[in-house]
Amino acid sequence: MTAPSRTTVAVVGGGPAGLLLARLLHRSGIDCVVLESRDRTYVERRQRAGILEQGTVDALRACGAAERLDREGLVHDGVELRWGRRGHRFDFPSLTGGRRVWVYAQTEVVKDLVALQLADGAPLLFDAEVTGVTGADAGRPVVHYTHEGLPHTLACDYVAGCDGSHGVVRRAIPRGRLRTYERVYPYSWFGILAEAPPSGDELVYAHSPRGFALHSMRSPSVSRLYLQVPNGTDPAAWSEEEIWDELEARLAVEGGRKLNRGPVTQRAVLPLRGSVTEPMRWGPVLLAGDAAHLVPPTGAKGLNLAVSDVVLLARALAERAATGTAAALDAYSSACLERVWRAQHFSWFMTTALHTEPGQSPFDTRLQLARLDRLASSPHAAAELAANYTGLPLT
Ligand code: RFL
Ligand code: PHB
């Protein structure tokens, strides 16, 4: 497919943020072009998030992108947190007035959105790498990209930077106009995908003296598991037996049963980082998703924040197109950032409550356990955890 040389919104990045934004814009009658640097197979196979909040599912349903999710997604009514070799379940519907989460992998969300975009006949170019944006300061942005080895330009009214944490769109905003807040956590996650039936029906987050572990899943026959490891860990250095033994030791509870084991089909190490870039809009340049913020994955918020950003952005652009008023567009950055910082705080809370810092003192471990015990003893603390995990309603 060749792209037109002019459009209303140039969407840079074909991850969940860019693809959903394109779908929402298309349904509002606003033309856009999605430029994605990688090929379709790569984008559809990139193993990442697994939990969709209620608001994310509602947004996908509202734009006709949830048909397979409603058939194949696993509805979860709670999670278990483990500490001191005991499990504590948090029941979402009763703690939140009926909210729940879905286990449906990011790979599947992306596949569904790509298929819809192509079925709509809406422009989506793979292997189209954006190299820069000019003219944004004059309000006439031009996106420069290469496709099949040739340079191209795309003139537009708005550029949506949905190009992830290493994206280039952000560079179109003068340095002095942006501020980035950042926290680097002193540990990483070692994530595996395994051909093994999940060892339980719900996710399990475990605090243990050996470090954090998480048991998640992708389907009735595929498990997704994570171990806290030191930064710089080589994933190839662990044998499959060592991985399973360590998971079992960290996830163990009194009287619990052994984990279902199976072949490890994927492995990767992911450093944990939180960052927020403010503001998320500068004139015609709009940032969304990981291009503007990163959260450590412990709160399962990354993908959900990307979705809430683009729902607000699509609404603001539709209002602008329909009425000519820019009030929602002017409010875009502050509306997103309020949610982003709430999610950042929850992700920090989950991360620091459950992980062990290198050289952590016994005193700090006791503080962590006191924090966790409070979740089990106080209905208010449990309700706060459930409200944050299932996600704030998107108004
Ligand atoms: P994405 O998914 O990174 O998509 C950005 C897209 O932009 C493309 N791109 C460009 N295209 C054209 N020109 C350029 N110059 C470009 N530069 C980049 C990229 O190829 C890509 O396709 O961002 P988006 O759409 O904002 O979505 C955000 C989510 O992907 C992200 O928040 C979550 O996946 C975060 N995350 C996780 N979140 C969870 O809730 N649970 C997890 O287990 C979890 N695991 C992860 C993750 C993020 C990871 N990354 C980014 C390192 C595991 C990994 C490895
Ligand atoms: C996942 O299934 O990949 C997953 C689930 C919950 C998290 C992070 C990752 O908090």
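General remarks:
- Among the residues of segment 246-264, those that are out of contact with any helix residue (DSSP H, G or I) (no Cβ under 6 Å at 6 or more places or on another chain) and open to solvent by 70 Å² or more (accessible area, probe 1.4 Å) comprise GLU254, GLY255, ARG257, LYS258, PRO263.
- Restricting attention to segment 276-300, the residues being at negative phi, open to solvent by 10 Å² or more (accessible area, probe 1.4 Å), touching a strand residue (DSSP E or B) at 6+ places or on another chain (Cβ under 9 Å) and within 16 Å of ligand 2 (Cβ to nearest atom) number 3.
- Residue count, segment 4-23 (criterion: at negative phi, open to solvent by less than 30 Å² (accessible area, probe 1.4 Å) and more than 16 Å from ligand 2 (Cβ to nearest atom)): 13
- Residue in segment 280-288 that is near ligand 1 (Cβ under 8 Å from one of its atoms), more than 23 Å from GLN228 (Cα to Cα) and not in a strand (DSSP E or B) present: yes
- Of all residues making up segment 361-375, the number that are surrounded by fewer than 16 Cβ atoms within 10 Å (Cβ to Cβ) and under 19 Å from ARG82 (Cα atoms): 9
- Residue under evaluation THR351, criteria (1) away from ligand 2 (no atom under 16 Å from the Cβ); (2) touching a Leu at 6+ places or on another chain (Cβ under 7 Å), criterion not met: (1)
- Long-range neighbours under 6 Å by Cβ, at least six apart or interchain, first residue more than 19 Å from ALA321 (Cβ to Cβ) within segment 149-176, second of a type in the set (Phe, Trp, Tyr) and surrounded by fewer than 21 Cβ atoms within 10 Å (Cβ to Cβ): ILE173/TRP282
- The single residue among GLU36, GLU67, GLU72 that is within 16 Å of ligand 2 (Cβ to nearest atom) and of a type in the set (Asp, Glu) turns out to be GLU72.
- Restricting segment 301-343 to residues that are closer than 30 Å to ARG366 by Cα and more than 12 Å from the chain's Cα centre (by Cα), the residue that is most open to solvent (accessible area, probe 1.4 Å): TRP341
- Listed here are the strands (runs of 3 or more DSSP E) enclosed by segment 31-150 that have at least 2 residues being farther than 19 Å from VAL12 by Cα and open to solvent by less than 50 Å² (accessible area, probe 1.4 Å): 51-53, 74-76, 78-83, 86-91, 101-103.
- The strands (runs of 3 or more DSSP E) falling completely within segment 188-232 that include 2 or more residues that are away from ligand 2 (no atom under 12 Å from the Cβ) and at pLDDT 95 or above map to 222-229.
- Among residues that are within 14 Å of ligand 1 (Cβ to nearest atom) and either touching a Ser or Thr at 6+ places or on another chain (Cβ under 6 Å) or under 24 Å from TYR332 (Cα atoms) (or both), ALA213 is not included.
- Of the residues screened, ALA59 is not one that is in contact with a His (Cβ under 8 Å, 6 or more places away or on another chain), more than 23 Å from PRO198 (Cβ to Cβ) and within 16 Å of ligand 1 (Cβ to nearest atom).
- Only one of VAL204, VAL222 that is open to solvent by 10 Å² or more (accessible area, probe 1.4 Å), over 18 Å from ARG89 (Cβ atoms), within 16 Å of ligand 1 (Cβ to nearest atom) and not polar (S, T, N, Q): VAL222
- Test result for SER188, among the polar types (S, T, N, Q) and over 18 Å from SER347 (Cβ atoms): no
The values are calculated or read from the model by the stated rules, or taken from the named source; none is laboratory data. These figures come from a predicted structure and were not determined experimentally. For neighbour counting, all protein chains shown are included, and Cβ atoms are generated from backbone atoms with ideal geometry for every residue, glycine included. Accessible surface areas use protein heavy atoms only, side chains included; no ligands, DNA or RNA. Shrake-Rupley method; radii C 1.70, N 1.55, O 1.52, S 1.80 Å.
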